[in-house]
Amino acid sequence: MDPLFDRINVRDLLSGHDLSDPSTPLSTPDLRLIISRLESHSLHIKSKVRSYLLSHREDFASLFSQCSDAVFKTNEISDNVSGILSLISDRPIDVEIRKLVDEIGRTTKEAREKREMLGLLKIIVGICERLEGARSAFSDGLLRFAAEEVKELKKALRIGDEEEGEPIVYGLLRKQWADLFDEMQDLFSKFMENAVRFEQDSRTIRVKYKLCVDKMDGIELHTVMEAMDVAGILDYSLAKAADLIIKHAITPAVSYGSPAMFAEDVNQGSEGISEAVLKILPSQDCKIVDVDGDAIYARVIQVIKFIFKHICFENGSWIRSFGRLTWPRISDIIISKFLSKVVPEDASKLVDFQKIVKCTSEFEFSLKEMMFLSASDGKDYSLSSFSENVEVHFAFRKKTEVLGKARYLLLQCDFSVPQDYTSKGPLLKNDGMAINSSNQVVDLIFSSERCVVSKAASQLMELVHQTLQDVCLSSAIVALEFFHVRRNILERQLDGINQVAILMYNDCLFLSQEILGLAFEYRTDFPDSIKEHAVFADMAPRFHLMAEEILQRQIQIVIFNLREVIDGADGFQNTHQMQQFESAKFSIDQAVFILEKVHIIWEPLLRPSTYKRSMCMVLESVFSRITKDILLLDDLAAEETLQLQRLIHMMLDNLSSLLKSLISAFDSNEKSEEDTSRPIDDLIPSLRKIRKVGELLDMPLKSITSAWESGELMSCGFTILELKDFIRAIFADSTLRKECIWRIENVRGMTTQQSKAMDQYSTQQVHLRVSMLIKLPILEQVDTNCHDLNRWL
C-alpha cells in the first residue's frame with residue numbers, strides 16, 4: 001500500500017516535453033494528456049486498494065469486532081456510573097461522612113481538654129494542699145519547712161510575673177498565698193518582738209533564746225532566724241528590733257558630751273544559753289568629752305558585737321542584712337551627733353582632726369571584719385569620706401557664712417545715687433573738681449576714669465578681699481573652696497533696667513577691673529597648690545562682657561521704644577494736612593522726650609566715653625530712621641516740603657542740649673585713651689544727612705545737581721537712587737529734571753555699575769563705622785587688660 005500514497009509528479013506525466021523552464025506555459029494538448037494519465041493512474045490505485053482489502057478481509061473483520069466490543073463496554077460503564085450518581089443524589093453520603101468526621105474531632109478535642117483540665121486540677125489541688133500544709137506547719141512550729149514551702153509556692157504561682165488571660169483560679173491561689181505570706185510575716189515579727197525587748201525601768205535590752213508566740217512554745221531564736229532567711233523576709237522582721245537598738249543603744253553610745261556605758265550578761269540554763277542582756281548604764285563622769293572618738297567608736301562596736309553574737313549568731317549573711325538595715329541611720333547619727341560637732345572652727349586646728357580621721361578609718365575596718373559593712377560597696381564608708389573631707393566641710397561652713405553676708409548686701413541694696421553726687425563734670429582721676437566724698441564713686445584700676453557704683457558692689461569687694469586674705473592663710477583644699485566662694489559672690493550681680501541697669505553696668509565694670517587687680521595683690525601669697533587655680537583673668541572678661549550686655553540691652557530697649565514712637569508718624573506722609581502734621585509732630589516730640597530722659601539718666605552715671613558711644617548709637621538709629629522715611633516719600637507738595645523741613649529743624653533744635661552734652665563729652669575725654677579727633681558728624685553719620693535733607697527740601701533743582709557733582713551729597717551719605725527718587729518726588733516732570741537726572745547719573749563719566757558700586761561701598765562704610773564704634777572699645781580694653789595680666793603672670 002505504500003506506493004499508492006507516493007506523490008504524483010506532474011513532470012513525469014509530461015516526460016516527453018522539455019519542462020526545464022518553469023516559466024514555460026502548458027498548451028491545451030499537454031493539459032489533456034495530463035488529465036488522461038491522471039485518470040489512468042487513479043484506476044490503477046483503486047484496483048490495488050480493492051485487491052488489498054480482499055486479501056486482508058479477516059483482519060479487518062476482527063478489527064471491527066473489537067471496536068464493537070469496546071463501544072458496548074463503554075455504554076455499560078456509563079450505565080453503572082449513572083446508577084452510582086443516582087444513588088448518591090438520593091442519599092448524600094458525603095454529608096454523613098463529614099458529620100461523622102466533625103463528631104470525631106469534637107470528641108477528641110473534648111477528651112484532650114478534659115485531660116488538660118484534669119492535669120490543671122491536679123496541680124491546683126496540689127498547690128492548695130501545699131498551702132494548707134504550710135499553714136499547718138506554721139501552727140505546729142515547723143517554721144523552716146513552712147518557709148521553704150512558701151518560697152517554692154511563690155515560684156510555682158509565678159508571683160510578680162502574672163500574665164493576662166490566666167485562669168481565675170490562679171488569682172485565687174495567689175491571694176491565698178499572699179494571705180499566708182502576710183500571716184508568716186506577722187508571726188515572725190511577733191517572734192522578734194518577743195525575742196528582743198527593751199525594759200525601760202532597768203534600761204536593758206534583753207534577747208531571749210526560747211520564744212513563745214500564739215501557743216507555740218519553745219521555739220528557738222536561731223530557728224526563727226533561719227526560717228526568716230529562707231523566706232527572704234529577714235530585713236522586714238528585723239526592722240523593729242533594729243529601731244529599738246538604734247534608739248536605745250546606738251544613740252546614747254554616740255551622744256557627744258554625755259555618752260552611755262554598756263554591760264553584757266548571759267543567763268545559762270540547763271539546755272544552754274537562755275537569755276542575753278545588754279545593760280545601758282549612765283556615764284560615770286558627764287564632764288568628760290571624747291574629742292578623738294575612741295570611746296564612742298568602742299561603744300558602738302560593743303553594741304554591734306552583741307548583735308552579731310546573740311541575735312545573728314555570728315552568721316555573716318545575717319549580720320550583713322542587719323548592717324544594710326541599720327548602717328545608713330547609724331552613720332548619719334555619728335556624723336550629726338559627733339563628727340559635725342568636732343569640725344574645727346579655726347583653720348589652724350585642722351591638723352588635730354587627723355586623729356579623728358584615723359579612728360574613724362579603724363572603726364569602719366572593724367565593722368568590715370565582722371561583715372557588718374560590705375567590703376566592695378563604697379557607700380558604706382561614709383564616715384571616712386566625711387572625716388577625710390573635713391577641710392571641705394570647714395570651708396563649706398565659712399562659705400555659707402560669707403554667702404549669707406553677700407546675699408544680705410544684695411537684698412539691702414536699693415541702687416540709689418548718692419545725694420551729694422554732682423552730675424556735672426567728668427569723672428576723672430587726679431582732678432580736684434571731680435573728687436567726690438561718697439564711697440560709691442570708685443576708681444577704675446586700668447582706666448583713667450571713675451564711675452558711680454552701688455553700695456553692694458563696693459561692700460562686696462570688701463568681702464572678697466577678706467575672703468582672699470583667708471585663702472592666703474589656709475590649706476590647699478580650704479583655699480580652693482574659698483576661691484569658689486569668691487567666684488560665687490561676684491557672680492551674684494544681676495542686671496536691671498533704667499537707672500538700676502546703668503548702676504549694674506558700672507558694678508560689673510568695676511568688678512571686672514577689681515578682679516584683674518586681685519591677682520597683683522594676693523596671688524603671690526596664695527598656697528602653691530591654689531596658684532594654678534586662681535587665674536583671675538578668666539573672670540574679668542566675663543564681667544566686662546556682662547557689663548556690655550547690660551548696657552547693650554538698655555540701648556536696644558531705648559531704640560525699640562524710639563522706633564515705636566516714630567512708627568506713629570506713618571512715614572511722615574501728607575504732612576501738608578493739619579491732622580497728619582500734628583501726628584508727625586507728636587511723634588517727634590515723643591522721640592525727643594525719650595532721648596532727653598535717657599540723657600538725664602545716662603550722663604550723670606556713665607563714664608564720658610561710654611555715654612558718648614551709647615548716645616551716638618541711639619541718635620544714629622533715630623536720625624537714620626527719620627531720614628529713610630522722608631526719602632521714601634514718592635510725591636511731595638510744595639507746602640509738604642516746608643512742613644517736613646520745619647519738623648527736622650524743630651527736632652534738631654530740641655536736641656541741641658543733648659548734642660552739646662556729646663560735644664562736652666568729647667572735650668572732657670581729651671585726657672583719656674580714646675581718639676577724639678573726629679567730629680560728632682563722623683560718629684553720627686545720619687546727623688549730617690538729616691541736616692542736608694532739611695536743606696534740600698527748599699533747594700532749587702540746579703543747586704541740588706551741583707551739590708551732587710561737587711561730591712557734597714555723597715559725603716553726607718546720599719546714594720544716586722535716593723537722590724533721583726527725591727528729585728522725582730519734589731519736582732514735576734520736565735526737560736530740566738531729565739537733564740539734571742542725566743547729569744547726576746553721568747557725573748565725572750561714572751557709569752551706572754560704578755555708581756551702584758559706590759552706593760554699596762558708602763553703605764558698607766557707614767555700617768562699618770557704627771559697628772567699630774560699638775565693638776572696638778570693648779574688645780580693645782578687654783584684650784589690653786588680659787594681656788597685661790597674663791604678661792605679669
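The values are calculated or read from the model by the stated rules, or taken from the named source; none is laboratory data. All values reported here derive from a predicted model rather than from experimental measurement. Counting neighbours? That spans all protein chains shown, and the Cβs are built from the backbone with ideal geometry, glycine included.
Observations
- Yes/no for S189 being modelled with pLDDT of 85 or more, of a type in the set (S, T, Y) and part of a helix (DSSP H, G or I): yes
- Unmet criterion (only one of (1) closer than 30 Å to Y297 by Cβ; (2) surrounded by 19 or more Cβ atoms within 10 Å (Cβ to Cβ); (3) in contact (Cβ under 8 Å) with a residue 40 or more places away in the chain; (4) of a type outside the set (A, V, I, L, M, F, W, C)) for S189: (1)
For (1) modelled with pLDDT of 85 or more; (2) under 17 Å from L595 (Cα atoms), each residue gets a yes or a no:
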position	(1), (2)
V618	yes, yes
S624	yes, yes
D635	no, no
L647	yes, yes
L652	yes, yes
E670	no, no
K692	yes, no
P700	yes, no
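- In the range 591-610, the residues that are of a type in the set (V, I, T) and either crowded, with 19+ Cβ neighbours inside 10 Å or closer than 18 Å to D681 by Cβ (or both): V592, V598, T610
- When the range 127-164 is limited to residues that are under 53 Å from the mean Cα position of the chain (by Cα) and not in a helix (DSSP H, G or I), the one that is surrounded by the most Cβ atoms within 10 Å (Cβ to Cβ) turns out to be L157.
- Residue check, R174 in contact (Cβ under 8 Å) with a residue 60 or more places away in the chain and surrounded by 17 or more Cβ atoms within 10 Å (Cβ to Cβ): no
- Counting only residues that are more than 16 Å from M371 (Cβ to Cβ) and either in a helix (DSSP H, G or I) or free of Cβ contacts under 8 Å to residues at least 40 places away in the same chain (or both), the range 311-343 holds 14 of them.
- Failed criterion for V207 (all others in (1) touching a residue at least 24 places away in the same chain (Cβ under 8 Å); (2) of a type outside the set (S, T, N, Q); (3) in a helix (DSSP H, G or I) hold): (3)
Residues checked against (1) touching a strand residue (DSSP E or B) at 6+ places or on another chain (Cβ under 7 Å); (2) surrounded by fewer than 17 Cβ atoms within 10 Å (Cβ to Cβ); (3) more than 20 Å from I680 (Cα to Cα); (4) basic (K, R):
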site: I555; (1), (2), (3), (4): no, no, no, no
site: N574; (1), (2), (3), (4): no, no, yes, no
site: Q580; (1), (2), (3), (4): no, no, yes, no
site: D589; (1), (2), (3), (4): no, yes, yes, no
site: K612; (1), (2), (3), (4): no, no, no, yes
site: M615; (1), (2), (3), (4): no, no, no, no
site: V618; (1), (2), (3), (4): no, no, no, no
site: Q643; (1), (2), (3), (4): no, no, yes, no
site: R646; (1), (2), (3), (4): no, yes, yes, yes
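- Selection status of K612, in a helix (DSSP H, G or I), without any contact (Cβ under 8 Å) to a residue 24 or more places away in the chain and over 12 Å from R563 (Cα atoms): no
- Residue match in the range 591-610 (condition: in contact with a strand residue (DSSP E or B) (Cβ under 7 Å, 6 or more places away or on another chain) and of a type in the set (D, E, K, R)): yes
- From the list N574, N561, the lone residue that is on the phi > 0 side of the Ramachandran plot and among the polar types (S, T, N, Q) is N574.
- Restricting attention to the range 109-150, the residues that are under 18 Å from A231 (Cα atoms) and not hydrophobic (A, V, I, L, M, F, W, C) total 11.
- Residue tally, condition buried (at least 16 other Cβ atoms within 10 Å of the Cβ) and in contact (Cβ under 8 Å) with a residue 40 or more places away in the chain, over the range 714-744: 7
- Residues of the range 230-244 include at least one that is more than 30 Å from L153 (Cα to Cα), modelled with pLDDT of 80 or more and out of contact with any Asp or Glu (no Cβ under 6 Å at 6 or more places or on another chain).
- Note on the range 689-747: among residues that are farther than 20 Å from A638 by Cβ and among the aromatic types (F, W, Y), the one that is nearest to the chain's Cα centre (by Cα) is F718.
- Restricting attention to the range 149-196, the residues that are of a type in the set (G, A, S) and closer than 30 Å to E220 by Cα total 4.
- Here the condition is being in contact with a strand residue (DSSP E or B) (Cβ under 7 Å, 6 or more places away or on another chain) and either within 22 Å of S189 (Cα to Cα) or without any contact (Cβ under 8 Å) to a residue 60 or more places away in the chain (or both); of G133, G141, it holds for G141 alone.
- Qualifying residue in the range 648-657 (condition: acidic (D, E), assigned to a helix (DSSP H, G or I) and in contact (Cβ under 8 Å) with a residue 24 or more places away in the chain): no
- Checked against (1) in contact (Cβ under 8 Å) with a residue 40 or more places away in the chain; (2) under 47 Å from the mean Cα position of the chain (by Cα), D243 passes all but condition (1).
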